[in-house]
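Structure first, then comments.
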Amino acid sequence: MRLPLLAATGPMGWLGIVAAALTVYALPLVLDDAFFILVMQSLAYLYIVAIGIDILVGWTGQISIGHAGLYAVGAYTSALLTTKAGFSFWASAPLGVVAAGIAGGLLALPSLRAKGPYLAMVTLAFGFMVEVTANRWDFTGGPMGIMSIPGPRLPSGEEMDGTEYFWLIGGTAIVVQVLTANLYRSRIGRTLFALQGSEVAAETVGINVYAWKVLAFVLSSVCAGLGGVFFAHQNGFINSDTFVFGLSVQLLTSALMGGSGTLFGPLVGSVILNLLPTIFAHLHEYQLYIYGGIILVTIVFMPRGIVGSLLQLNVVRGLLPKPAAIAPDPSVIAELREGARPTVTVRDLSKHFGGIRALNNVDISIKPGTVHGLIGPNGSGKSTFVNVVTGIYKPTSGEVEVAGKQVGGSSPHGMARSGITRTFQSIRLFGDLSVLNNVMVGFHLQLRYGFLSHLFQTAGAVAEEERYRRRAMALLEFVGIADRAEDLAQNLSYGEQRRLEIARGLATKPKLLLLDEPAAGVNPTELHYLADVIGRIKAAGVTQVVIEHHMELIMGISDTISVLDFGQKIAEGTATEVRANPKVIEAYLGAPAEGETHG
Amino acid sequence: MFANIWQAVISGLSIGSIYALIAQGYYVTYITTSTLNFGQGEFLMIGAMIGLTAYVVLGVPFPLALLIAVVATGLMGIALERIAIRPVLRHVLTHSWVLSTLAISIILKNGAVSLWGPEQIRFPSPFGEEVLKIGNAGIFPQELFIIVCALGTVAAVQLFLKKSILGKAMMAVAHNRNAAAVMGIDVKRMVILAFMLSSALAGLGGILIAPVTFAWAYMGTVPGIKAFAAAIFGGLENPVGILIGGLLIGLLEQLFGVINSNLKEGITFLFILIMLAFRPTGLMGRRTVEKV
Amino acid sequence: MTVNNLVRAIRRVAVGSLLAAGVAVASLQGAIAAELKLGVDLSLTGGTDDFGRGARMGIEMAVKEYNAKGGYKGKPVELAIYDDETKPAKGVENLTRLITRDRVFAVIGPANSGVALAMIDIAQKQKMPLVVPLPTSEPIIGRYANEAKHYIFRVTLNDGIQTQFMIDYIKRKGLKRIGLMHDSTGWGQSGRETAVRLLKEAGIPLVAEPQVFDQNDTDMTAQLSKLRDANVEFIVSYSLAPAGVQIAKSMQKIGMKTPWSGTWGVLAPNFLKLGGKEAAEGVMGVTSYTIDHSDKAKAFHERVEAAYKDQGGDFFPVTTAQAYDAARLVLKALDKVGPDPVKVRDAIEAIDDFHEAVTKMHPRPFTKENHEALGADTGFLAVWRDGKVFRVTD
């Protein structure tokens, strides 16, 4: 029997929620002291911010050293609405959160294509801009700030006291944590982790990376804004001195120190980091040494944070109950045959890079249900071909058609939607996800339940996840790695990883699956198995294009082979035909010397 | 009006060349390790403070004090690489180095406060305080020295990287680590050298600028961040770009200050945000097409 | 599913214990609270840290001398000192801690106007006397001035009084074109409002937009050029010593000789140390204290120099002297009524025999209507000449 909401939260989960609620209720009553309550309030809302940062940094892998800016947007919006426009807290708070969410969405835009230090700079610049604006703009009160910010009022008309305010913040924190946990274990979290694993691979299974990045930014900034709102109404006073770079660093550290990408990392991290100055208040000369030292030690020795590092220990892992076995649902294999398997035609395709013609007027027609090999010497354009057909490059001219419909020029996720997907020459898996979850990501375009359903963990969403887990299991069985289902993808052997990529590709129910040098670096046993898998995929009805150097493999499995050289198709036919074609021989071995012939 | 603009240009060039100098430090470590020292500003500060101690407290002649400051910060760069970069290079978190170098900067700042106190300290310029005139813009001799010395150093480092054996070895590591290793280049040593050079550049910047800005424990944070912005602006992998970026940011701030003093602080970051939205690898950065 | 839920439960317990442990440690410190505690909140790090450190020296000295004479009924007074890092939220937190954990009988501090503006709400609401030794922003005293029992007291010249000295000078010299510069801190902003208001009242409006600078800015040529373009004859500046020196140096750079005055920050010895004699020459400021304005001041200065030799001696005399007097006022009140904050407040207000001041405050520094110990008759405009501070007499 499933509940309509929080459908997958078992008895232990509910126990945890109740325990947390009781803790929040009891703490201020036990520690009846205005100072401690103040500290606990801060802890609670900084924890909310840390959760949000972890979603962006730990799950999605986007660095941010400017979150103080988002925090500030929430704080100022709510403060201004209550002081200047007479709103009540209950109206200004949600508006503050919305404002922060919008700011986060705006911040996402320049961040979409920036990576590494460039992304750090974007967030840094954003943070500084907000700080400087808050400081210089009269509307925000500048460094003198906004005073006499009212707290939330109870229905009786009284302002909440410290204890009640803590209950409000603590209760909100519990709700945020539960919702975040729901997302973490759902396709939402999975997709964000996939972005961190490999953006390119995510695109090729149909994930619109830019859109999801914006989502990550928005979720993160909603949390930051919520924290900011609570901060603004805590002391009745805010000014621009608070929202400095140092705060962004502190917030980032609290999220990472506990353990990025883990469910409770942010809690551990923010508790430790925010209690520290209070405990060491008497040692203020050494405070920064301690603070800096803790960051350094944690980052160097526990890069996965405290919780993450604990999880690495076999002792701890041994304590966790084993996941239930999943019965595979083989109907997924039968479904591969479904739908019209169209002819994929590449017509007059060209791709130029500046002066280099990587592809020059290439015509290839791929018959449904066949294995179509693509060979050629190095630099002949094979990889470019795959990249154009899967949308990673845009063609300079020419067309890619699926069942007569023009799809060339789409983005990779657009191509995936049209049914074209691929595996990669250098394996691109979502290393931090389990093997099973890697395949689950492949189901992206088929899953029906969206963000809200997963946020509240509806019965329908949970049921869908379970259905697809069984199908994923069947796919893993199909490629022969079902026994590794719960292992982390990055711990698989090279050959197993290749097979996992193939399973992921099959999950998209492709109309065309391109395998880019699947035999690269594979040992003879694996090679044999690979040929077997390709054969079985063909038997299941899926059209494949295989790019390879390994002649024996290609000749053995292909129905048709096209040969490229210097970006042009120089031959096409069966294996026997191609092998004897003098142009092909010349392309690989060079022109015969005077008086010699190839024999 | 034109007189004000000209003054802004002259004033901007001197701080801009410091940004360019520090930015070059970012460039050197970024191309060899894909990391940079977020605490570069603190190394600038240490260079200034050590220079101060040598020149003012111990009475060492200025050229020698400069040398001492540069060497000391260079040596600290070696320690930085060992403590905060090497252990985190192969981490799961691709941005561990941001936090580890930030942590070092926090510790250095506190150390400086313990050693020299939190206040500003005067660093008399070895060239005196007589105002020189370029056109009708005033400039202190120290500022002129900054421009000459900083830009000269930037040029010298570029020559080193392009012409000397050691420099070319470093560039080899930057282009392709594995290939360089296979050719017999000691990659680890080159990385250490990169950080030594990067920190020494920051230290030089510190002792150059201290007579203008005062020497104090908190002097490094803002220049470090502005120089980072300069490096990003030009494109972290383009040496000409970062030079232009540094000078440009110095100029922009002064020029916008002339228009409206309120704009002076925020303008740099606004520009960066807008620029990065359109050119995510910097204005002149290499547009890398990801090889799939 | 069960995996994560069990883990979740375990972790909640773990975290709860962690929290409890941390709180226990903190409360241990409270358990050793002495009965007689004087609370202090200052900026010991951050932007105005030299003010804070100077003030701490004065307070520590006052308490040491008080305890040496026997303390309160034989019991020594303890100091509970916290650093607010020049952050308003921290100041509020520290004040709350002093009131509820340390249970002090009075609080001296902070060092920074921005922090003060946040703290006074709590002090007034919680009925804790707060003696402000350094921040000069007017609303600090203004906000609750009309309350029946006003808990905030100040022992320094506020911005209004300081600016008035400058305006008197401007009027005396018949100057008409005035420019204004200020830093981007809360104090600078509040000072700007004060200056604009007073200049308007005096009928001498500004001829250019107020120019703002960051307190760590090293080049003010842009701002000064704008003022020069407007042909200002005098500049009122809200800047501390480092920024003040940069203003002077930038003026040198662009060959600007306009007379200008800052508040007491630019008369600190720091100003001379940072800028040298030439930069300081002719720069004016307002002060109520010089180390030799009275015998008591001279003696005090020597005591501080001796006691804090290793910390740089009397490096910021006015902050140390004002904080010293503030502490002694509080201790005098303690002597009269005992360690009850409400009674201490009443006693501070009623003191009329404080003859031992080292600053220029009167034997009766406060009344019910006036909580500013240093008024217009205790200050003057001064100028740097040849590395020394002289009263402006013309």
TODO: Could you run the Karplus curve 6.51 cos²θ - 1.76 cosθ + 1.60 with θ = phi - 60° over the stretch A:506-515 and give me ³J(HN,Hα) per residue in whole Hz, x for Gly and Pro?
DONE: 5, 4, 6, 6, x, 7, 8, 10, 9, 10
TODO: Taking amide H positions as placed in the peptide plane 1.01 Å from N, state which residues far from residue A:374 in sequence (5 or more) or on other chains have amide H under 5 Å from it.
DONE: A:546, A:547, A:548, A:562
TODO: Taking every Cα atom in the protein assembly as shown, find the radius of gyration and the maximum pairwise distance Dmax, and write them in Å.
DONE: 34.6, 123
TODO: For the stretch C:361-394, state which trypsin sites (Lys or Arg not before Pro) are in a DSSP loop and have at most 14 other beta carbons lying within 10 Å of their beta carbon.
DONE: C:368
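Which links in A:115/A:511; C:37/C:90; C:64/C:332 stretch past 24 Å when you go from one Cα to the other?
In this structure, A:115/A:511 lie more than 24 Å apart at Cα.
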Task: Solvent-free Debye scattering, log10 I(q)/I(0), computed from the Cα coordinates of chain C at q = 0.08, 0.10, 0.11 Å⁻¹ - done: -0.45, -0.66, -0.78
Task: Beta bridge orientation in chain A: antiparallel %, DSSP, nearest 5 - done: 60 percent
Open item on the list: At 1.567 mPa s and 4 °C, plugging the Kirkwood radius over alpha-carbon pairs of the stretch A:166-212 into Stokes-Einstein gives what diffusion coefficient in µm²/s?
Closed with: 108 µm²/s
TODO: Pull out a ≥ b ≥ c, the square roots of the eigenvalues of the alpha-carbon gyration tensor of the stretch C:160-287, then state rounded if a/c is under 1.5, prolate if not and a/b is larger than b/c, and oblate in the remaining case.
DONE: rounded
- [ ] Pull out the extension gain between residue A:356 and residue A:88, defined as 0.36 nm times the separation in residues minus the alpha carbon to alpha carbon distance; nm, one decimal.
- [x] 90.1 nm
- [ ] Just the ratio, please: alpha-carbon radius of gyration of the stretch B:125-220 over 2.2 N^0.38 Å, N its number of residues.
- [x] 1.46
TODO: Tally the DSSP beta bridges in the stretch A:333-589 and give the antiparallel ones as a percent, rounded to 5.
DONE: 55 percent
Task: Under Karplus coefficients 6.51, -1.76 and 1.60, residue-wise ³J(HN,Hα) of the stretch B:26-42 in Hz, glycine/proline x - done: 4, 4, 4, 6, 5, 6, 8, 10, 6, 10, 8, 8, 5, x, 3, x, 5
Open item on the list: Are there DSSP H segments in chain C that both extend 24 Å or more along their axis (alpha-carbon positions) and score a mean Kyte-Doolittle hydropathy of at least 0.0? List them, or say none.
Closed with: C:2-31, C:317-337
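Evaluate the stretch B:2-278: find the radius of gyration of its Cα atoms, find its Kirkwood radius, and give the ratio Rg to Rh.
Details: Rg = 18.4 Å, Rh = 19.0 Å.
Result for the stretch B:2-278 is an Rg/Rh of 0.97.
Applying a 10 Å radius around every beta-carbon, put C:190-201, C:350-361, B:45-56 in order of their mean neighbour count, most first. If you can, show how the numbers build up before the last one.
Numbers: C:190-201: 19.1, C:350-361: 17.1, B:45-56: 25.7.
In decreasing order of mean packing, C:190-201, C:350-361, B:45-56 become B:45-56, C:190-201, C:350-361.
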TODO: Give me the percent of DSSP beta bridges within the protein assembly as shown that run antiparallel, rounded to the nearest 5.
DONE: 45 percent
- [ ] Give the longest segment of chain B that steers clear of GluC sites (Glu not before Pro) in DSSP loops with at most 14 neighbouring Cβ atoms within 10 Å, not counting the sites themselves.
- [x] B:131-289
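Per residue of B:105-117, how many C-beta atoms from partner chains lie within 10 Å of its own C-beta, taken as a mean?
4
How shielded is B:209-222 by partner chains, expressed as the average number of their Cβ atoms within 10 Å of its Cβ atoms?
Mean inter-chain Cβ contacts per residue within 10 Å come to 3.
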Task: Built amide H within the under 5 Å cut-off of residue C:206, gap 5+ - done: none
Open item on the list: I want to check a number: in the stretch B:2-278, how many lysine pairs have alpha carbons closer than 30 Å, given a sequence separation of 8 or more or different chains?
Closed with: 13
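Output the relative contact order of chain C, whole-number percent, from Cα pairs under 8 angstrom with separation of 6+ residues.
Worked out over chain C, it gives 17 percent.
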Task: Rg over Rh [alpha-carbon atoms, Kirkwood Rh] for the stretch C:286-361 - done: 1.04
- [ ] Kindly provide the GluC sites (Glu not before Pro) of the stretch A:131-171 that DSSP labels as loop, not H, G, I, E or B, and whose Cβ sees at most 11 other Cβ atoms within 10 Å.
- [x] A:158
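Answer rounded, prolate or oblate for the stretch A:11-244, using the Cα gyration tensor with square roots of eigenvalues a ≥ b ≥ c: rounded when a/c is under 1.5, else prolate when a/b is larger than b/c, else oblate.
On the way: a/c = 2.32, a/b = 1.27, b/c = 1.83.
Since a/c reaches 1.5 but b/c is at least a/b, the shape of the stretch A:11-244 is classed as oblate.
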Task: Radius of gyration, Dmax [the stretch B:136-292; alpha carbons; angstrom] - done: 17.9, 58
- [ ] Would you mind getting the Kirkwood hydrodynamic radius of the stretch A:198-278 from its Cα pairs, rounded to one decimal in Å?
- [x] 15.0 Å
Open item on the list: Can you tell me which aspartates and glutamates have their Cα less than 13 Å from the Cα of residue C:296? Leave out same-chain residues fewer than eight positions away.
Closed with: C:325, C:356
TODO: When a/c is below 1.5 the answer is rounded, else prolate if a/b is larger than b/c, else oblate, so apply that to the stretch A:76-196 with a ≥ b ≥ c taken from the square roots of the Cα gyration tensor eigenvalues.
DONE: oblate
Task: Computed log₁₀ I(q)/I(0) - Debye formula, equal Cα scatterers, no solvent, the stretch C:235-394, q 0.08, 0.10, 0.19, 0.20 Å⁻¹ - done: -0.29, -0.45, -1.16, -1.22
- [ ] Using only alpha carbon positions, build the gyration tensor of the stretch A:333-589, then give the equivalent ellipsoid semi-axes as the square roots of 5 times its eigenvalues, largest first, whole angstrom.
- [x] 32, 21, 16
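The numbers here are math on the coordinates, done by the rules we state, and not lab data. A quick note: this is a predicted structure, and the numbers were derived from the prediction, not measured. Positions of Cβ are backbone-derived with ideal geometry, glycine not excepted, and every protein chain shown enters the neighbour counts.
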